[in-house]
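The values are calculated or read from the model by the stated rules, or taken from the named source; none is laboratory data. Since the model is a prediction, treat every value here as computed from it, not as a measurement. Here the Cβ positions follow ideal geometry from the backbone for every residue, glycine too, while neighbour counts run over all protein chains shown. We work out accessible area using only protein heavy atoms, side chains counted, and drop any ligands, DNA or RNA first. Shrake-Rupley method; radii C 1.70, N 1.55, O 1.52, S 1.80 Å.
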Amino acid sequence: MLFRSHQLSISPILSAGSATITSAQIDLSTNAASFFVNMITQNNFVLNSTTSTVFTVSTAPATQLQLLIEGESALPGSTTGKSASPATPFTAGQFYGATVNAVDNHFNLVPSAVATINMTENDSHAVQTNIQQDLSSGSTIFALQFFTASNTGWTVHVSTTNGDRLTDATSALLPVNPSTATKIMVTDRKSVV
């Protein structure tokens, strides 16, 4: 499938029995793309519909990082590059995954990208933050762990520190619920004189 439910509406002019389509844009890389051309009657000639031979659509160069928080899935060729939503609310202290992909402008994975990725969480008590990992075949997976409950949520930010310079990515706010109570904290009020 060349486009996800996308139809081109163009009217090429035939010259000597052929025409060239120059306004087609292909957003999804694939090894098996083809065009289906449905022709209508033109100048009293009935033209047959046809499908092109299969051709490969390659990815463009990597331009940005794609951050997929657990629950989200990559959707190459789409406007956002992802589907679904993070599996929030998360629970404080639990581990969750964050996949980072090097992608082109149409969110196609670029396996040839080479970079070191830095991942930070803005939860000030998180220990799984400011961690660096290298891309492998254009991708890497980080373990996330938030320690502070927050109804508003925390964000995850990824950037390149070495190699290909790719545009950073930041998650949406990720709400975090408190974990199960395991301790009782007793405090002593000191009197003020």
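Quick notes
- Only a single item in (1) modelled with pLDDT under 95; (2) surrounded by fewer than 14 Cβ atoms within 10 Å (Cβ to Cβ) is not met by Ser136, and it is number (1).
- Matching residues, the range 120-133, being open to solvent by less than 80 Å² (accessible area, probe 1.4 Å) and either in contact with a Gly (Cβ under 7 Å, 6 or more places away or on another chain) or among the aliphatic types (A, V, I, L, M) (or both): Ala126, Ile131
- Residue ranges of strands (runs of 3 or more DSSP E) in the range 99-178 with at least 2 members free of Cβ contacts under 8 Å to residues at least 60 places away in the same chain: 115-121, 131-134, 139-145, 150-154, 156-163
- From Ala181, Ala172, residue being hydrophobic (A, V, I, L, M, F, W, C) and modelled with pLDDT of 95 or more: Ala172
- Selection over the range 69-81 of residues that are open to solvent by 60 Å² or more (accessible area, probe 1.4 Å) and under 21 Å from Asn118 (Cα atoms) gives a count of 1.
- Any hit, the range 141-151, residues being closer than 17 Å to Gln64 by Cβ, surrounded by fewer than 16 Cβ atoms within 10 Å (Cβ to Cβ) and at pLDDT 95 or above: no
- Qualifying residues in the range 100-119 (those that are β-branched (Val, Ile, Thr) and open to solvent by less than 40 Å² (accessible area, probe 1.4 Å)) - the one nearest to Pro178 (Cα to Cα): Val100
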